[in-house]
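So the structure is just underneath, and the comments pick up after that.
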Amino acid sequence: MPQAIVNAESGTAAVRLVPPPRPVGRSSEFTPLLKAVKGQGLLERRTGWYAAGIAVNLLALAATVTAMALTGDTWWTLLYAVPLAVLWARTAFFGHDAGHAQITRGRRAGRIIGLIHSDLLLGMSYAWWNEKHNRHHANPNHVGKDPDVGVGAMVWTEKQAERREGFARWLTRNQARLFFPMLLLEGIALKVYGFQDLRRQPPRERVVEALLLVAHLAGYATLLLTVLSPGRALVFALLHHALFGLHLGMTFAPNHKGMEMPDADDEGWGHLRRQVLTSRNVRGGFLTDWFLGGLNYQIEHHLFPSMPRPHLRLVQPMVRAHCRAVGIPYTETSLIDSYRQALRHMHAVGAPLRRGGAG
């Protein structure tokens with residue numbers, strides 16, 4: 001079977017024929033793939049790549065802020081909410097990668113990078129995100145274990161939907177059509193979640209994060225009120241956070257919604273099945289990789305969460321070939337179809353409530 005042999009530094013790939021792996025038990029299905037990936041050096045850090053990317057992102061943020069200041073108190077300044085939202089999403093991706101130890105081996109250095117990108121630059125708690133995201137990675141799409149499929153503004157199973165009452169019931173009936181509009185609130189919600197999580201954190205961590213979150217809010221408000229009148233500043237902030245939340249939601253929505261949702265009967269799944277069967281990749285080229293921050297390689301990211309972002313596309317041929325060899329479906333689709341599948345799942349979850357009437 002063809003297997004990609006990758007040069008991690010140059011990013012080039014060659015294909016050679018190797019025998020397919022011998023059948024293995026579910027608990028060890030992942031082992032041959034892990035050994036092959038380690039052998040290719042694809043788990044090694046790419047410090048230079050991240051240093052360059054972070055520097056370019058910070059310069060772009062500084063240039064956008066400078067352009068806002070030069071444009072001044074005019075409605076035209078609201079146009080800068082678009083590039084600022086996109087650059088904030090890049091910033092979030094770097095914070096995400098720092099949390100997965102993709103950038104540095106040292107935990108302290110990774111935490112500093114994460115705190116700067118999440119708390120200081122975005123006003124989003126790094127500790128809150130890490131705790132939630134690590135639980136998601138451990139049990140993706142597993143109701144009761146994955147916080148991303150817990151009951152919130154939206155629900156992900158018919159059983160969850162049955163318990164909804166009042167306005168929440170109406171919301172669930174219409175959640176597919178309301179999904180993207182509700183993402184416009186996500187940018188603000190992420191800030192609120194961070195402040196709420198401070199009570200959970202140890203005292204020392206709580207002080208650090210609280211100071212950084214307040215510093216972000218003070219700096220952001222000072223920037224807008226220095227450049228714009230209070231009314232325009234408020235409009236800019238709402239528009240900017242709406243676009244930022246929409247961008248992040250469009251990045252994360254394709255990854256798992258509508259994929260397998262394990263239950264108690266699936267507890268015997270090994271790492272390979274648990275991660276591959278619950279994840280969906282989005283195909284595309286450089287622009288897709290950039291817009292989605294590499295998370296379009298969701299299967300590879302879940303199998304190797306500490307793998308540097310630029311290596312995800314390099315390891316994909318190996319992962320796809322290995323899944324084919326052990327008989328595990330490997331799901332990959334277009335960006336538009338990924339949204340269609342996610343919305344179809346949300347629509348199906350609310351179907352019993354629609355059949356039941358206004359209830």
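For this structure, a couple of remarks:
- Taking all Cα pairs closer than 8 Å and separated by 6 or more residues, the relative contact order of segment 91-181 comes to 15 percent.
- ³J(HN,Hα) computed for each position of segment 345-353 - Karplus, 6.51 cos²θ - 1.76 cosθ + 1.60, integer Hz, glycine/proline x: 5, 4, 5, 5, 4, x, 4, x, 6
- Cα centroid of segment 121-151 to Cα centroid of segment 192-264, whole Å: 15 Å
- Percent accessible area from carbon and sulfur atoms, segment 136-181, protein chains only, probe 1.4 Å: 56 percent
- Signed unit charges on C-beta, dipole axis of segment 263-359, positive-most listed residue 286, 270, 308: 286
- Remark on residue 332: its backbone amide H falls under 5 Å from those of 281, a criterion applied only to residues 5 or more positions apart or on other chains, H modelled at 1.01 Å from N.
- Rolling a 1.4 angstrom probe over segment 49-97 with all protein chains present gives an accessible area of which 81% lies on carbon and sulfur atoms.
- Placing a label point 7 Å from the Cα of residue 63 along the Cα-to-Cβ line, the residues of segment 85-128 whose backbone N sits under 20 Å from it are 85-94.
- HN-Hα J in Hz across segment 144-160 - Karplus 6.51, -1.76, 1.60, θ = phi - 60°, x for Gly and Pro: x, 10, 9, x, 6, 10, x, 6, x, 4, 10, 10, 10, 9, 5, 4, 5
- Loop trypsin sites (Lys or Arg not before Pro), segment 98-155, which have at most 14 other Cβ atoms in a 10 Å radius of their Cβ (DSSP): 105, 145
- Residues 59, 70, 228, 277, sorted by accessible area with the largest first, give 70, 59, 277, 228 [1.4 Å probe; ligands and nucleic acids excluded].
- Accessible area of segment 310-359 belonging to carbon and sulfur atoms, whole % at 1.4 Å probe: 56 percent
- Only Lys, Arg (+1) and Asp, Glu (-1) charged, at Cβ; the chain dipole about Cα centre in debye: 420 debye
- Rounded FRET efficiency, nearest 0.05, which uses the C-beta distance separating residue 134 from residue 199 and R0 of 22 Å: 0.70
- The residues of the chain expose on average 47 square angstrom of accessible surface per residue, using a 1.4 Å probe on protein heavy atoms.
- Of all aspartates and glutamates in the structure, the ones whose alpha carbon falls short of 20 Å from that of residue 159, not counting any fewer than 8 places away in one chain, are 146, 148, 260, 263, 265, 266, 267.
The values are calculated or read from the model by the stated rules, or taken from the named source; none is laboratory data. Note that the structure is a prediction, hence the values are computed from the model and not measured. Neighbour counts are summed over all protein chains in view; Cβ atoms, including those assigned to glycine, are modelled from backbone coordinates with ideal geometry. Just the protein is used for accessible areas: all its heavy atoms, side chains included, with ligands, DNA and RNA removed. Shrake-Rupley method; radii C 1.70, N 1.55, O 1.52, S 1.80 Å.
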